[in-house]
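Reviewing the structure listed below.
The values are calculated or read from the model by the stated rules, or taken from the named source; none is laboratory data. Everything numeric in this text was worked out from a predicted model, so none of it was measured. All Cβ positions, glycine included, derive from the backbone under ideal geometry; neighbour counts span all protein chains shown. Heads up: the accessible areas ignore ligands, DNA and RNA and are worked out on the full protein's heavy atoms, side chains in. Shrake-Rupley method; radii C 1.70, N 1.55, O 1.52, S 1.80 Å.
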Amino acid sequence: MRATPIAVAALSAALLLSACDSGGGDDGSNGKAAKSGDACTLDGVGVQVGASAAPSAGDSGDVTVTITNRGAKCTLDGFPAVRLKAGATTSTVPSDKAAKAQKLTLAKDATASFTITYVRGETGGKQSLAVKSAGFSLPGSSAEHGLTWSYGDVALKGGADRPNASVTAFQQAGD
């Protein structure tokens with residue numbers, strides 16, 4: 001008979017614990033937890049751009065794009081899609097062959113960055129792309145964020161519209 005009160009107490013404790021939930025806190029989600037794995041979107045992030053421009057033809061330069069999550073937790077899974085635009089020509093920047101994409105989950109106000117590395121071309125040269133703007137989209141989205149390109153012409157390699165450039169995978173930034 002003694003086993004019954006212990007079993008009832010254990011069952012009651014289990015039911016009581018299963019009734020608890022972790023939602024409903026003051027996390028800005030109105031009691032609805034963000035779904036784990038929701039992709040980050042451009043309308044939910046802030047964008048900052050910094051550059052170490054290539055000084056002259058043949059030199060390498062870097063353009064670093066940092067995104068800051070402004071909303072609920074979101075995920076970056078893959079490489080950003082980057083395009084360079086020169087007049088009517090749009091060239092896709094390939095991912096860095098040495099880089100491996102990692103799945104990053106960004107909490108609110110967390111940051112991640114990627115870098116576009118390019119070789120500067122001769123201004124007006126036949127083997128250069130006179131880039132005036134660029135754009136990028138986040139993995140899983142076709143929405144594009146536009147950037148003014150003021151870092152000089154980009155050298156071409158192996159084809160008329162293939163830029164001598166690459167883009168890294170997302171890296172966690174900040175603390």
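Is it fair to say GLY140 is open to solvent by 50 Å² or more (accessible area, probe 1.4 Å) and at pLDDT below 95?
Against the criterion (open to solvent by 50 Å² or more (accessible area, probe 1.4 Å) and at pLDDT below 95), GLY140 qualifies.
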(request) Might you check whether a residue that is open to solvent by less than 50 Å² (accessible area, probe 1.4 Å) and either among the basic types (Lys, Arg) or not in a strand (DSSP E or B) (or both) occurs anywhere in the stretch 56-68? (result) no
(message) Being in contact (Cβ under 8 Å) with a residue 40 or more places away in the chain, open to solvent by less than 40 Å² (accessible area, probe 1.4 Å), closer than 23 Å to ASP38 by Cα and touching a Pro at 6+ places or on another chain (Cβ under 6 Å): is that true of PHE170 here?
(response) no
(message) Tell me whether the stretch 92-99 contains one or more residues that are closer than 20 Å to GLY61 by Cα and open to solvent by less than 20 Å² (accessible area, probe 1.4 Å).
(response) yes
(message) As an exercise: evaluate ALA155 against (1) buried (at least 21 other Cβ atoms within 10 Å of the Cβ); (2) under 17 Å from GLN48 (Cβ atoms); (3) out of contact with any Phe, Trp or Tyr (no Cβ under 7 Å at 6 or more places or on another chain); (4) touching a residue at least 60 places away in the same chain (Cβ under 8 Å) and give the number of the one condition it does not meet.
(response) (2)
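PHE79: under 24 Å from GLY46 (Cβ atoms), open to solvent by 40 Å² or more (accessible area, probe 1.4 Å) and aromatic (Phe, Trp, Tyr), yes or no? Write out each step before concluding.
Numbers: under 24 Å from GLY46 (Cβ atoms): yes; open to solvent by 40 Å² or more (accessible area, probe 1.4 Å): yes; aromatic (Phe, Trp, Tyr): yes.
Yes, satisfied.
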(request) Taking SER128 as meeting all but one of (1) buried (at least 16 other Cβ atoms within 10 Å of the Cβ); (2) at pLDDT 95 or above; (3) touching a Lys or Arg at 6+ places or on another chain (Cβ under 9 Å), write down the number of the exception. (result) (2)
